[in-house]
Structure formats: structure tokens, C-alpha cells
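The structure appears below as C-alpha cells.
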Amino acid sequence: MKAVRKAVLPVAGLGTRVLPGSKTTPKELLNVVDRPILSYIVEEAREAGIEHLVFVTGRGKAAIEDYFDHHIELEAQLEAKGKTEMLAAIRAELPRPGEMSFVRQMRPLGLGHAVWCARDIVGDEPFAVLLPDVIIDAAPGGLKQLVDAYGKVGGNLISVEEVAPSETDKYGIVDPLSRDGDLVKMKGMVEKPKPEAAPSTLSITGRYILQPEIFPLLAEQGRGAGGEIQLTDGMARLMERQDFHAQVYAGVSYDCGDKIGLLRANVALALKRPDLGDAARAAVEALLRG
Ligand code: UTP
């Protein structure tokens, strides 16, 4: 079984749900507490043993490349002022030379198309996909849990979580064949089923391990829901030929591509921070008291 060494991070979307903030700042660089959403995602990928990150970018997203590069003036100033902790934190995020590639999706034709744009850099090996607007708060991290499951069952895997039965029509939902602990053998997926028609309450969370045979399927695939080339359509076809498992990960996810999700992430992660938790709690409680 080939190891999962590379991860694709599609960051070319327009982020219309968090406008106008995302008009000139890529939504993936919006802050959660005091660092960009993307910083949490890259940390999660590295923890899972990922050696190479492939960003699928688009127009207006150049700040993402800059974020993962030296800022000479800033670093010099932090050094001169003796702000060594912040300097170390900023440098710790920098990639090793050659650890990151950037490929351009010239038009945002959908998530499936974005992943397909990474095909030449991924090559003929299994790879991870992390939706860079979903933060998973978990220990071990969401992708690490999925990579560990891949070590047991191989094939293709997706992270899932339980949602309330009344909420299935907001998510992609897994159609299960059988379940063994946190691992569910899949027979299909259904996009946003009404509660009475939902085959389960397991929703797709935004972490995937896929085999490279997905690429030719995406290449020949037409537009699906919303007029976009959907990753789920490609996965559904790959499922006819290869095994897919869903892993019910242990942790909590925050959809930071959505206004309330972004707010929840900020509050929840600030409350958990040893250096900020008490002050954050006092601020939130004061607001709630009115
Ligand atoms: P989303 O659907 O959440 O992103 O896709 P979006 O299209 O930017 O958001 P809204 O709906 O307009 O608010 C999940 C991820 O896939 C990327 C996005 O950047 C996002 O991180 N994506 C989506 C692409 O890279 N290319 C696409 O064509 C579509």
C-alpha cells in the first residue's frame, strides 16, 4: 500500500457566503482568533505526515503564497524589538523549500475541477484533500485519524460526522453498507437528502483520501449540481470500481466558509486557548448578559 504523502488544498473558490470580507482577502486567510483558517489546515496536514502541499489557487489569491513566504521587513522588526516568541511562531509556519506547489484553476468550475487541476503534481499515488475552509478541532487531527484508518483498510476514505436527523438536507450524506466501530463501508452518497429519505445521518466533512484513478473520471465528467464539476460525482463513479470507507472522526468541525460557522470557530477556539480562554469567556458572558 502506497503512503499518503501529498495533499491537495483547493483555495480557488470565490467565497461568496462570507462577502464582503472575502472580496479582496481570500476567505481561507480570514482569521480565526489570531491566525488564518488556512494555518490550522496546514498544521493538520503536517501532523498527518503530509510531505507536499498542492494549493489550487485562482485570481485574487496571491496573498496565500505570500503568507507562506518570508516577510523580511516584519521579521527584522520583530527581531530588533526582541519579540522572539512571535518571530518563532511566524517562522515555524514557513514551508521547507519545495514543500508547497501552487497550481492555478483559471475558472472556479467546481471542487472536482479544482482537484483535477492538481493531477500532474499528485501523479500516480494516493493523496489527501482538505477543504481549507473547514477547521477540524480534534486530537489527533482529523486527517491524522483518516490516515491511520487508511493504514488499516486502504482504498478511498472520507471523514464524516453525525448530524441531527432533521439536518440531513444541508449536507452530503453517506449511504452505508456496513459498520465496524468508527469505520463505515460505503455503498454511495446522497446530496442533501430530506430527513425521511436520508440513508444515514453521517455527513461528509471535508477530508478525503483518494486514489489517483479519480483523475481520469474527473477529466471526462460533466457539470453536476449547481452547474459545477462536483468531486462527489467523481467519487460516486470511482466507488463502482474501488472500496470507499467513511470514518466517523472524533472531534468537532467548523465550516468557516459560512458566517455563523466562522463566528462559532472564533468563539470556540478562543475559549479553548490557555492564554485567552478566561478573557474570551468573560467577554462572551458579558455580551450574553446584555
Ligand atoms: P465552497 O463551495 O465552500 O467554496 O468550496 P466557495 O465556492 O469559495 O464558497 P461560496 O459557496 O461561494 O461561499 C470548498 C472549497 O473548495 C474551493 C474553495 O476555495 C473552498 O475552499 N473551490 C471551490 C475551488 O478551489 N474551486 C472551485 O471551483 C470551487
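The values are calculated or read from the model by the stated rules, or taken from the named source; none is laboratory data. Predicted model only: the values in this text are computed from it and were never measured. Every residue, glycine among them, receives a Cβ derived from its backbone with ideal geometry; neighbour counts consider all protein chains shown. Quick note on the areas: whole protein, heavy atoms, side chains included, nothing else; ligands and nucleic acids left out. Shrake-Rupley method; radii C 1.70, N 1.55, O 1.52, S 1.80 Å.
Residue by residue, here is whether (1) in contact with a strand residue (DSSP E or B) (Cβ under 9 Å, 6 or more places away or on another chain); (2) open to solvent by less than 40 Å² (accessible area, probe 1.4 Å); (3) within 27 Å of Arg264 (Cα to Cα) holds:
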position	(1), (2), (3)
Lys2	no, no, no
Pro36	no, yes, yes
Tyr40	yes, yes, yes
His52	yes, yes, no
Gly60	no, no, yes
Ala63	no, no, yes
Ile72	no, no, no
Met86	no, no, yes
Arg91	no, no, no
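Could you list all residues from region 91-116 that are among the hydrophobic types (A, V, I, L, M, F, W, C) and closer than 30 Å to Val248 by Cβ?
Leu111, Ala114, Val115, Trp116 - these are the residues of region 91-116 that are among the hydrophobic types (A, V, I, L, M, F, W, C) and closer than 30 Å to Val248 by Cβ.
Considering each residue of region 259-290, count those that are assigned to a helix (DSSP H, G or I) and either without any contact (Cβ under 8 Å) to a residue 24 or more places away in the chain or surrounded by fewer than 16 Cβ atoms within 10 Å (Cβ to Cβ) (or both), and give that number.
Number of matching residues: 21.
Output the number of the condition that Asp133 fails; it satisfies all remaining conditions of (1) surrounded by 12 or more Cβ atoms within 10 Å (Cβ to Cβ); (2) more than 10 Å from the ligand (Cβ to nearest atom); (3) touching a residue at least 40 places away in the same chain (Cβ under 8 Å).
It fails just one condition, (2).
List pairs: first in region 81-95 and under 15 Å from Leu38 (Cβ atoms), second in a loop (DSSP other than H, G, I, E, B) and open to solvent by less than 60 Å² (accessible area, probe 1.4 Å), Cβ under 9 Å, 6+ apart or cross-chain?
If the second residue must be in a loop (DSSP other than H, G, I, E, B) and open to solvent by less than 60 Å² (accessible area, probe 1.4 Å), the pairs left are Glu93/Phe68; Leu94/Phe68; Pro95/Phe68.
If you scan region 4-33, which residues turn out to be more than 9 Å from the ligand (Cβ to nearest atom), crowded, with 16+ Cβ neighbours inside 10 Å and under 27 Å from Leu210 (Cα atoms)?
Within region 4-33, Val4, Lys6, Ala7, Val8, Leu29 qualify.
Mind checking which residues of region 209-234 are under 20 Å from Ile121 (Cβ atoms) and of a type in the set (A, V, I, L, M, F, W, C)?
Ile209, Leu210, Ile214, Phe215, Leu217, Leu218, Ala219, Ile229, Leu231
Could you grab me the full set of residues in region 109-130 that are open to solvent by 60 Å² or more (accessible area, probe 1.4 Å) and within 11 Å of the ligand (Cβ to nearest atom)?
Scanning region 109-130 gives a single hit, Trp116.
In this structure, does Ile64 turn out to be within 12 Å of the ligand (Cβ to nearest atom) and either part of a strand (DSSP E or B) or not aromatic (Phe, Trp, Tyr) (or both)?
yes
Give the residues of region 237-258 that are more than 22 Å from Leu9 (Cβ to Cβ), in contact (Cβ under 8 Å) with a residue 24 or more places away in the chain and either within 16 Å of the ligand (Cβ to nearest atom) or surrounded by fewer than 17 Cβ atoms within 10 Å (Cβ to Cβ) (or both), sorted by residue number.
Arg241, Gln242, Asp243, Ala250
Scan region 189-236 for residues that are open to solvent by 50 Å² or more (accessible area, probe 1.4 Å) and within 15 Å of the ligand (Cβ to nearest atom) and report the count.
So the count comes out to 7.
Quick one: which of Ala76, Ala45 is away from the ligand (no atom under 16 Å from the Cβ), modelled with pLDDT of 95 or more and either not hydroxyl-bearing (Ser, Thr, Tyr) or not in a helix (DSSP H, G or I) (or both)?
Ala76
Conditions first: (1) open to solvent by 10 Å² or more (accessible area, probe 1.4 Å); (2) β-branched (Val, Ile, Thr); (3) out of contact with any strand residue (DSSP E or B) (no Cβ under 7 Å at 6 or more places or on another chain); (4) touching a residue at least 12 places away in the same chain (Cβ under 8 Å). Thr168 passes all but one, so which condition is the exception?
(1)
What number goes with the only condition from (1) closer than 25 Å to Asp137 by Cα; (2) of a type outside the set (Gly, Ala, Ser); (3) in a loop (DSSP other than H, G, I, E, B) that Arg59 does not pass?
Against the list (1) closer than 25 Å to Asp137 by Cα; (2) of a type outside the set (Gly, Ala, Ser); (3) in a loop (DSSP other than H, G, I, E, B), Arg59 comes up short only on (1).
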